[in-house]
Amino acid sequence: MMKLCITAIGSISGAEAELIRTYTPRIKQAGRQIGLDAPHLTELKTHQSLHDSLAAMPAPLIIALDEKGEHLTSRAFANKIQNWTTSGKSHLCFLIGGADGLPDTIKRDATTSISLSAMTLPHMLARVFLYEQLWRALSIITHHPYHRD
């Protein structure tokens, strides 16, 4: 089973944390059907600890969230998730920077980068948006009625 990690700078609470708790079991249940483990959120204080965390993982696919990353539709994101889960890698890791985004060194080391929106999102909402899009992608892959075209 491929590990799904979301690694972010800073911590969240309140409404954003509650929304993440809402999407987590949905992602876990749908992900299991395609060999993807439940999401594990790691909140770090510094970019250096983010770099160290990635270095400790065996063969991760690293997806940097960046406003200049690739723009995807929900269906295209679902296709990427499906391809990534069959890549043979052990971890699928999404990286979310702090208020100033991710440093260039981390973006360069990433397998790819994607943009959640053409607009700049607050880093706390980017987490919620990512969780919702992960759930949506998995619902597309597993033919759950959540996503409607």
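The values are calculated or read from the model by the stated rules, or taken from the named source; none is laboratory data. Predicted, not measured: the structure shown is a model, and the values here were computed from it. Ideal geometry is used to build each Cβ from the backbone, glycine not excepted, and the neighbour counts take in all protein chains shown.
Just a few scattered comments:
- In region 1-31, the residue that is nearest to the chain's Cα centre (by Cα) out of those that are closer than 14 Å to L130 by Cβ and among the hydroxyl-bearing types (S, T, Y) is T7.
- Candidates S139, S117, filtered to the one that is surrounded by 17 or more Cβ atoms within 10 Å (Cβ to Cβ), over 13 Å from the mean Cα position of the chain (by Cα) and farther than 17 Å from H51 by Cα: S139
- Unique residue being within 23 Å of R148 (Cβ to Cβ), at pLDDT 95 or above and in contact with a strand residue (DSSP E or B) (Cβ under 7 Å, 6 or more places away or on another chain) when the list is G31, G69: G31
- When region 27-69 is filtered for residues that are charged (D, E, K, R), surrounded by 13 or more Cβ atoms within 10 Å (Cβ to Cβ) and closer than 29 Å to T105 by Cβ, the ones remaining, listed by number, are D37, E43, D66, E67.
- Qualifying positions in region 23-81 - assigned to a helix (DSSP H, G or I) and charged (D, E, K, R): R26, K28, R32, D52, R75, K80
- S87, sole failed condition from (1) surrounded by fewer than 13 Cβ atoms within 10 Å (Cβ to Cβ); (2) within 22 Å of M2 (Cα to Cα); (3) at pLDDT 95 or above: (3)
- Residue that is more than 20 Å from Y23 (Cβ to Cβ) and under 11 Å from the mean Cα position of the chain (by Cα), where the choices are I81, I62: I62
- Some residue of region 41-59 being within 16 Å of W135 (Cβ to Cβ) and either touching a residue at least 24 places away in the same chain (Cβ under 8 Å) or not basic (K, R) (or both): yes
- Flag for I106 being in a loop (DSSP other than H, G, I, E, B), more than 24 Å from H144 (Cβ to Cβ) and either touching a helix residue (DSSP H, G or I) at 6+ places or on another chain (Cβ under 8 Å) or without any contact (Cβ under 8 Å) to a residue 12 or more places away in the chain (or both): no
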